[in-house]
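The values are calculated or read from the model by the stated rules, or taken from the named source; none is laboratory data. Quick caveat, the model's predicted, so the values are computed rather than measured. When we count neighbours, we look across all protein chains shown, and the Cβ atoms used for this are built from the backbone with ideal geometry, even at glycine. What goes into the accessible areas is simple: the full protein's heavy atoms, side chains included, and nothing from ligands, DNA or RNA. Shrake-Rupley method; radii C 1.70, N 1.55, O 1.52, S 1.80 Å.
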Amino acid sequence: MKKNMKNLYPLSYLLLFVLTSVIYSVINQIPSDAVDVTTKIDEGIPFIKEFIFPYLLWYPFIYGLLIYFCFVDRKQYFVAISSLITGKLICFVVYIFWQTTVPRPIVAGDDIFANLIRFIYMHDQPVNCLPSIHVMTTFIMMIIVYNRKEDFKWEYISVTVIGALIILSTLFTKQHAILDALAGILVACGVYAAAQFMFSGRKSFQAHHFRAGRLKKRMKNSDL
């Protein structure tokens, strides 16, 4: 039992990811002269309040996948958590020195979609936009499943579809502009490549943080 608990300690790294949200909240409340980075393309993108659902789906999507990878692919779990945290810190640095904003529409109606949109608008100031953390973190997960698609086809399809909806939701809810999304994808590619390089080929690391198959086998044997 003690050995099983020790094997689960990598989940504690999720706390670091959670703590970065505190930094986001602080920066989000700092008054600043934000730059509007919307373009003609953004003007042609409609406001669709129903997309607040996939936008909010980001939370279980990210945390659920992190927990999932912690058990099925320990290396990719560490690649993911490292990429996510590094990516968020890079975004924070940008926000501190160059704030951007996206004009928000007037939300009409009293349905669940309109109320959720207003709730998000109320608690998330229209700054901290470029790069988009929503897009950056989502795209990191999409890269990871893409590299596993040969062995896990349905994992790749489901994560890619949900991830695409989340990215689109940032535009349709007017939380982000197209440049925010593109910058988020660029940061995602950079931090993922760096993390993958750092963890690849490190036999000592893989020996200490064994993969899911070995973890499941040891847990099963310990229960017998």
Net lengthening on full extension, Tyr146/Thr160 (0.36 nm per residue, minus Cα-Cα): 4.2 nm
Quote the charge dipole size of the chain about the Cα centre in Debye, to the nearest 20; the model charges only the Cβ of Lys and Arg (+1) and of Asp and Glu (-1). 1660
Angle check, please: helix 133-146 long axis (alpha carbons) against the longest principal axis of the chain (alpha carbons), in degrees 0 to 90, nearest 10. 40
Hand me the chymotrypsin sites (Phe, Trp or Tyr not before Pro) from the stretch 106-175 located in a DSSP loop with no more than 15 other Cβ atoms within 10 Å, in residue order please. Phe152
Accessible surface of the chain, 1.4 Å probe, proportion on carbon and sulfur as whole %: 70
Compute the acute angle (0 to 90°) between the alpha-carbon long axis of helix 212-223 and the principal axis of greatest extent of the alpha-carbon atoms of the chain; round to the nearest 10°. 60
Would you calculate a helix-derived [θ] at 222 nm for the chain, using -39,500 (n - 2.57) for each DSSP H run of n ≥ 4 and dividing by the full residue count, to the nearest 500? -22000 deg cm²/dmol
Residues with amide H under 5 Å from that of Thr101, placed H, sequence gap 5 or more: Val35, Asp36, Val37
Largest fluctuation, Asn115, Asn128, Asn147 only, Gaussian network model of the chain with Cα springs under 10 angstrom, belongs to Asn147
Stretchable slack from Ile96 to Val22, in nm (0.36 nm times residue separation minus alpha-carbon distance): 25.2 nm
With every protein chain kept in the model, how would you rank Val135, Val72 by accessible area, 1.4 Å probe, largest at the top? Val72, Val135
Whole-angstrom Cα spans of the chain along principal axes, big to small: 60, 37, 32
Average accessible surface area per residue within the stretch 38-190, 1.4 Å rolling probe, Å²: 44
Report the relative contact order of the stretch 128-171, percent, no decimals, based on alpha-carbon pairs under 8 angstrom and at least 6 residues apart. 46
So, R0 is 25 Å and r is the distance between the beta-carbons of Ile30 and Asn115; what FRET efficiency does that work out to, to 0.05? 0.35
Filtered pair list for the chain (Lys only, Cα < 13 Å, 8 or more apart or interchain) has a length of 5
With everything on Cα atoms, drop me the angle between helix 112-123 and the longest principal axis of the chain, reported from 0 to 90° to the nearest 10. 90
Can you give the accessible area of Phe71 in Å² (nearest 10), computed on protein heavy atoms with a 1.4 Å probe? 60
Report the extension gain between Lys40 and Tyr59 in nm, rounded to one decimal, defined as 0.36 nm multiplied by the number of residues separating them, less their alpha carbon distance. 3.8 nm
Residue among Leu15, Leu165, Leu116 with the largest mean-square fluctuation in a Gaussian network model of the chain, springs linking Cα atoms under 10 Å: Leu15
Relative contact order for the chain: what percent, with Cα pairs under 8 Å and sequence separation of 6 or more? 32
Just the accessible area for Asp36, please: 1.4 Å probe, Å², rounded to the nearest 10? 80
